[in-house]
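> Pasting a structure here, questions to come.
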Ligand code: TGC
């Protein structure tokens with residue numbers, strides 16, 4: 001049998017409070033009971049389990065870091081622990097929670113009017129309403145400042161309607177969302193708009209045939225002259241700082257979440273290695289297998305220390321975006337390596353849906369790409385180290 005060190009080698013749990021451990025246990029129980037038994041089937045069928053959304057709301061997982069409006073008001077570390085447990089189930093489920101809470105709800109909570117908040121947030125916190133967040137476009141991914149979606153006023157004066165035209169791509173949950181936060185160019189900079197998805201001219205089409213993130217939904221959005229009242233604009237922010245502040249929240253959740261996928265892959269490989277016999281021995285007895293398991297444990301434990309320190313900085317109000325890039329880059333990159341390594345321990349069985357590592361690895365290809373690619377986070381860190389930004393257009 002695996003020893004006590006197999007699951008928390010450095011006793012990182014001793015750095016958590018009893019309340020944090022209790023919250024983690026609740027989310028882990030939910031994942032074990034409601035996600036784990038079905039997730040391989042959902043992945044195969046490309047099914048998003050919408051029926052779980054209100055259950056996640058009841059658990060306080062939607063907008064859990066926000067205060068008021070029915071949100072749980074939990075700490076950053078709590079939010080991270082929950083993201084980790086959800087992603088141990090599947091990255092697609094954690095992605096839903098990120099899009100709903102960190103992106104759509106955070107945008108409305110931070111930058112919306114009182115009416116926006118009262119109207120949308122309580123229902124989003126319970127999961128009765130679903131939100132999405134439209135920043136990326138077919139031609140504007142890493143460089144959202146090059147977006148072409150635009151909003152113009154139809155008439156003069158502060159009460160004139162807005163008319164929104166353009167396209168967004170890779171937008172999570174858009175085809176089942178009730179509300180979309182859409183970022184668009186205006187005569188006075190980039191602004192955010194709260195768009196009920198039943199507004200004429202708004203349409204969302206799921207992107208199918210994905211090899212990754214199959215329990216989640218990513219969409220193309222078309223905005224074809226979407227007419228909105230004057231008060232649809234988020235009043236409290238102009239410029240890219242708005243969407244980037246929400247991305248900070250989502251990136252933070254991801255740097256924890258990816259470790260859940262890695263942990264599940266490692267634990268699957270460890271259990272298999274102790275059970276599977278070749279050459280008259282469990283394969284865990286072979287030095288090459290032990291090396292793989294040790295490498296996985298090293299990276300998971302180091303990643304957890306990075307995540308916890310990042311969370312403590314966030315709770316202390318001292319976390320900088322460049323520090324989030326450290327965790328997102330490192331933890332997702334290492335989680336993918338762990339999942340691939342775990343797959344090799346499983347041999348041929350590792351390519352079936354019966355075992356989780358390859359599903360997690362495939363999902364993490366999306367995770368390493370959205371909310372800032374490995375390359376973008378490398379260059380954000382490079383700028384932080386040298387003081388020299390390297391992503392401006394070359395002259
Ligand atoms: P730059 O254009 O110079 O800066 C614009 C303004 O934004 C500020 N800013 C930030 N503010 C808060 N947090 C951050 N992390 C921020 N990063 C930048 C910046 O200070 C500036 O403010 P101001 O007042 O001076 O105008 O941009 P930059 O040179 O700072 O950044 C360049 C770069 C490459 C780092 C940035 O463009 C970047 O992070 N690109 C990656 C974009 C990305 O992550 N896209 C993924 C979006 S995910 C999505 O749309 C789908 S939603 C997910 C789903 O639905 O599943």
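The values are calculated or read from the model by the stated rules, or taken from the named source; none is laboratory data. Keep in mind that this is a model prediction, so the values were computed, not measured. Because the Cβ atoms are built from the backbone with ideal geometry, glycine has one as well, and the counts that use them run over all protein chains shown.
> In the list 238, 215, which residue meets the criterion of being more than 22 Å from residue 93 (Cα to Cα) and modelled with pLDDT of 95 or more?
Details: 215 fails: more than 22 Å from residue 93 (Cα to Cα).
One residue alone meets the criteria, 238.
> Next question, about the same structure. Does residue 52 satisfy the criteria of being surrounded by 14 or more Cβ atoms within 10 Å (Cβ to Cβ), in contact (Cβ under 8 Å) with a residue 12 or more places away in the chain and within 21 Å of the chain's Cα centre (by Cα)? Steps first, answer last, please.
Values: surrounded by 14 or more Cβ atoms within 10 Å (Cβ to Cβ): yes; in contact (Cβ under 8 Å) with a residue 12 or more places away in the chain: yes; within 21 Å of the chain's Cα centre (by Cα): yes.
Judged against the criteria, residue 52 is a match.
> Taking residue 358 and the conditions (1) in contact with a helix residue (DSSP H, G or I) (Cβ under 6 Å, 6 or more places away or on another chain); (2) more than 19 Å from residue 303 (Cβ to Cβ); (3) within 10 Å of the ligand (Cβ to nearest atom), which numbered condition does it fall short on, given that it satisfies the others?
Against the list (1) in contact with a helix residue (DSSP H, G or I) (Cβ under 6 Å, 6 or more places away or on another chain); (2) more than 19 Å from residue 303 (Cβ to Cβ); (3) within 10 Å of the ligand (Cβ to nearest atom), residue 358 comes up short only on (3).
> Here's something else I'd like to know. Just one of 304, 290 is more than 16 Å from the ligand (Cβ to nearest atom) and without any contact (Cβ under 8 Å) to a residue 12 or more places away in the chain; which is it?
Working: 304 fails: without any contact (Cβ under 8 Å) to a residue 12 or more places away in the chain.
Answer to the selection: 290.
The rows are residues; the columns are (1) more than 13 Å from the ligand (Cβ to nearest atom); (2) crowded, with 20+ Cβ neighbours inside 10 Å; (3) in a loop (DSSP other than H, G, I, E, B).
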| site | (1), (2), (3) |
| --- | --- |
| 156 | yes, no, yes |
| 183 | no, yes, no |
| 224 | yes, no, no |
| 231 | yes, no, no |
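> For residues that are over 12 Å from residue 232 (Cα atoms), within 16 Å of the ligand (Cβ to nearest atom) and in contact with a helix residue (DSSP H, G or I) (Cβ under 6 Å, 6 or more places away or on another chain), tally how many sit in segment 102-128.
Summing the residues that are over 12 Å from residue 232 (Cα atoms), within 16 Å of the ligand (Cβ to nearest atom) and in contact with a helix residue (DSSP H, G or I) (Cβ under 6 Å, 6 or more places away or on another chain) in segment 102-128 gives 6.
> Inside segment 106-151, can you point out the residues that are part of a loop (DSSP other than H, G, I, E, B) and surrounded by 18 or more Cβ atoms within 10 Å (Cβ to Cβ)? Step through it out loud before you land on a result.
Step one: filter segment 106-151 for residues part of a loop (DSSP other than H, G, I, E, B), giving 112-113, 127-130, 135-136, 138-139, 141-143, 147-149.
The answer is 112, 127, 129, 130, 135, 136, 147, 149.
> Further, regarding this structure: Which of the residues belonging to segment 233-249 are near the ligand (Cβ under 7 Å from one of its atoms), under 30 Å from residue 364 (Cβ atoms) and touching a residue at least 24 places away in the same chain (Cβ under 8 Å)? So that I can check it myself, show each step before the final result.
Of all residues in segment 233-249, those near the ligand (Cβ under 7 Å from one of its atoms) come to 239-241, 244-245, 247-248.
Among the residues that remain, those that are also under 30 Å from residue 364 (Cβ atoms) are: 240-241, 244-245, 247-248.
Across segment 233-249, the qualifying residues are 240, 244, 245, 247, 248.
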